[in-house]
1. Counting only residues that are buried (at least 16 other Cβ atoms within 10 Å of the Cβ) and over 23 Å from the mean Cα position of the chain (by Cα), give me the strands (runs of 3 or more DSSP E) lying completely in the stretch B:1-96 with at least 3 of them.
2. Grab the helices (runs of 4 or more DSSP H) fully contained in the stretch A:296-375, keeping just those with 3 or more residues being over 15 Å from the mean Cα position of the chain (by Cα).
3. Could you list all residues from the stretch B:97-113 that are buried (at least 20 other Cβ atoms within 10 Å of the Cβ) and either more than 7 Å from every other protein chain (Cβ to nearest Cβ) or of a type in the set (S, T, N, Q) (or both)?
4. Kindly provide the set of residues from the stretch B:11-44 that are within 16 Å of ligand 2 (Cβ to nearest atom), of a type outside the set (A, V, I, L, M, F, W, C) and more than 14 Å from chain A (Cβ to nearest Cβ), ordered by number.
5. Report the residue count in the stretch A:298-310 for those that are facing chain B (nearest Cβ under 7 Å) and either over 17 Å from B:E103 (Cα atoms) or of a type in the set (V, I, T) (or both).
6. For the subset of the stretch B:45-81 comprising residues that are within 16 Å of ligand 2 (Cβ to nearest atom) and touching a Lys or Arg at 6+ places or on another chain (Cβ under 8 Å), which member is nearest to B:P167 (Cα to Cα)?
7. Give me the strands (runs of 3 or more DSSP E) completely within the stretch B:165-265, filtered to those with at least 1 residues that are on the phi > 0 side of the Ramachandran plot, aromatic (F, W, Y) and away from ligand 1 (no atom under 15 Å from the Cβ), ordered by residue number.
8. Filter the stretch B:41-86 for residues that are away from ligand 1 (no atom under 15 Å from the Cβ), of a type outside the set (G, A, S) and either touching a helix residue (DSSP H, G or I) at 6+ places or on another chain (Cβ under 6 Å) or under 30 Å from B:Q342 (Cβ atoms) (or both) and give the result.
Amino acid sequence: MSVTDSTTPGTDAYVGMLESMSRTPEQKRRARNLGIGYFVAAGIALAIFVRGDGGTSTFTLGGDSSIGLPGIPLAWLCAIVLAALGGVQISRGTAKLQSALLAAATILFIVTLMAWAAAGRQFSLTGTLHDALKAATPLVLGAIAGILCERSGIINIAIEGLLLAGAFTSALVGSATNIWIGILAAMAVSAVLAWVLAWLAIRFHVDQVIVGFAINFFVLGLTSFLDSRVLTKNPQLNGTGTIAEWEVPGLSSIPIVGPILFEQTFYVYAALALVAITTWMLFKTKWGLRTRAVGEHPKAAGTLGVNVLRRRYINVTIAGAVAGFGGSWWTADVGRFNENITNGRGFIALAVVLVGRHHPVGALMAALVFGFTDALALKFAILNTGIPSEFLELAPFFVTLLVVASVGRGAHVPAALGKPYEED
Amino acid sequence: MELELRGITKRFPGVIANDDVNLTIKTGEVLALVGENGAGKSTLMNIMYGLYHADEGQIFVDGNPVTFETSGDAIAAGIGMVHQHFMLVPVFTVAENVVLGVEPTTGLLGKLDTAEANAQVRDISGQYGLHLDPEALIESLPVGIQQRVEILKVLFRDAEIVVFDEPTAVLTPQEIEEFFNIVESLKASGRGIVFITHKLTEALKVADRISVLRRGKTVGEADPAEIDEIGLAELMVGRPVQLVVDKAPSQPGEPILSVDQIHAVDSSGRTLVDHVSFDVHAGEIVGVAGVQGNGQTELVEALTGLRDVITGSIHLGSEDITHATPRDVHRAGVAHIPEDRQRAGLVGDFSVAENMVLTRYHDDGFSTGIKMDWPKARAVAADLVEQYDVRTPSIQTAAGNLSGGNQQKVIVARELSRDLELVIASQPTRGVDVGSIEYIHSQVVKARDEGAAVLVVSTELDEVMALSDRVIVMFRGRIVANLRRDETEHNDIGLYMAGAKEQPVKTDAETTS
Ligand SMILES: Nc1ncnc2c1ncn2[C@@H]1O[C@H](COP(=O)(O)OP(=O)(O)OP(=O)(O)O)[C@@H](O)[C@H]1O
Ligand SMILES: [Mg+2]
């Protein structure tokens, strides 16, 4: 019940004061930690970027256009701005501007980082963004699979395994027939695996996290075994050829946007379309309403005659098909299967689900952040920045950790997630 | 339509929840179903609604045998149910909750016709005077309104027989009146109503017929015109029940709890508790009256360390507990019976025994070092189950499987069975049967007589009036009255609760002397 009546400026000021006074210790600690984070970033700028080799870096934007950035002055600017922000953040907080300032500071830091890495050389900005979108694609597909499961109340830790199974199946079947049939087979195999997860979780109430891990290990073990025993000995069974990029006529010639968005493989278009379709389905259709009801309050749905368990079976199975499709992305990208080719991306997809707040559009945004990290790490490896390659490979996981730790807490998770539903 | 339950038996591990029960429900009448906690009322209704399946027995609709595999079947047969614990999706709108399962759609892809759903909800809401906004989010609505959404769900499905499982337990007196009006209009429209309640006056007031269950069996039918509250209580419990609280005049001692100018706000800065000050003395019961949502919940949270106050102080004796943690508060000798037992008082998946020692597993000799002394905990739990007459198959049963009232008894038993300085009891008898109310009230009075200070918060004005030596009324986060019980009338308190009246500022000393 509203008690104060904030119609007068005086009241507003009073309420504002109460607000600042009533910040919980938790909020205060977070604000302080953020301030420390700013100082650390400023320190990095000062210790590393300012001592870069000083050349101007040229960012190309596709075609002939480019921007030149002087590394050293930019590094100084970055260090000073971040240190100032850190000071303000710790001494009095940045209140409502906190998120906006954080975003701006992050962008400044990344630009400085890129300028430092590319000092004296050329850096294709559009190319990197193109690669970021490409790298984000399997994450988006994995995350949509996760969202389909978790919105209906089933935890799916097995996305990694489902992706890997999809990659293997599409390589094997795709080599024996053709890649398109391989993709369909991948969807079928992962759908069956996902159904097994649903069956164990729903029918036998096995802990969903444990089933998920079991599936991950099972798929990793089996595909590695088959890879070394079957594929290596029969190379004709492991070579599908890749799927080429398809330039969307007309749209691909738009400056900057064209080369980033419209010179991609059909996976990118399919993933973007799936984001739109899933969003529409989840929030605008009968199916979506029932799915969300089953994930939030299965008893409420059950008492209205909605078949909770069937809904969960169906959703988890569809999710498996989506993950299988996502897994075939690797095959289509490199034209073959390698042991553990997904390399933990399924777990990043899980983080993407959480950071994206179980919303397909949110997941797309989060996936782009990770995709960008991936693409940047790759670029840095090529630019020979002196950062050890092992560290660059770790970068996406490190960013996952950072982002999940800072935004994962406030996310709304479906209320009945992971809880078995019992019918008498 | 006539619905008949014949020879229904339902067993759960260790209990027979329904034992050869017969019940007939006709359209156009209100049947009240009463019985002790755990008597099997909810179970019986869940069977009738297709949620549980009877082990024996048969349901007949207009003389024809029927089987309800799921509640979908029961709904199709014209049965609707408003559950004891609401079945609403908190993050959905009113209309979304109402149409779930029978959604109006357009097109082949099953696009929800939100406009149509909203219009239909508005329509029925207007027809029965429910005043519901179809687009409001459930989680933003007070319980009284949420209940109307439940009613609307039933009406939307065209139910001819509507079951209400303890609908009034969570309502304010005002909302209860409105609820009775709705029941009347449902009856007038030719529907049959089953009304489960522990408040016998309500049963006597609205029912055409009363059925009594005891320990799973039908023990009798009563005609509300021919039986009174005392008779009904005796039929229900099987022994005479004392309906008024029996207590000696209070002998207040030193102040135990001193609250001075505390102020609490929510995360968006709105005031919840507005500079509240009062004392509770040893050996007195102070009742906090007020319509739900006027800061009582938050006041209790502040006192028990669950919510931080931004100004003011709270003292327990000479100890400052303003910023103490819940465990510190508890250690200092404060018992807390929380208002929402499902959320705050119990761990549903834990056994009764584990719940009994939940707040003190770390001391009182229940553990040595890192090892729990389970035999001791179990012995104490068994004792408390006995003393407080908790109806449970065993102390190893999961607390979540107990009937609503018995869950409450577990909490009361745990909280009151210690050496106490202060007892804070929120809605201590919500959903509890008359026999157990008698017992819980006597325990609260006993705690007072042993020298504890007692703070009782209840939206049930009768309960506040029956127990208290002094009454505080809260309105919009403020204390608008602080009165001695023996100088106060029911009606007077009602005016304070509605905000129509305010007491001139007095010091505590004057009110308690
Ligand atoms: N799902 C369940 N599993 C095991 N036992 C159960 C379950 N549901 C109910 N019981 C038991 O069945 C008996 C009847 O419970 P029920 O909920 O029908 O009582 P009630 O009359 O509605 O009581 P109250 O007034 O307290 O709500 C109780 O002993 C309870 O512990
Ligand atoms: Mg009940």
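The values are calculated or read from the model by the stated rules, or taken from the named source; none is laboratory data. Just so it is clear, the model here is predicted, and its values are computed rather than measured. Cβ sites come from the backbone with ideal geometry, for glycine too, and all protein chains shown count toward neighbours.
1. B:2-12, B:15-26, B:56-61
2. Because the criterion is at least 3 residues that are over 15 Å from the mean Cα position of the chain (by Cα), the helices (runs of 4 or more DSSP H) in the stretch A:296-375 that meet it are A:298-303, A:308-334.
3. Of everything in the stretch B:97-113, those that are buried (at least 20 other Cβ atoms within 10 Å of the Cβ) and either more than 7 Å from every other protein chain (Cβ to nearest Cβ) or of a type in the set (S, T, N, Q) (or both) turn out to be B:N97, B:V98, B:V99.
4. B:G35, B:E36, B:N37, B:G38, B:G40, B:K41
5. Residues meeting the conditions: 3.
6. Result: B:I47.
7. none
8. Matches in the stretch B:41-86: B:I59, B:F68, B:E69, B:T70, B:D73, B:I75, B:I79.
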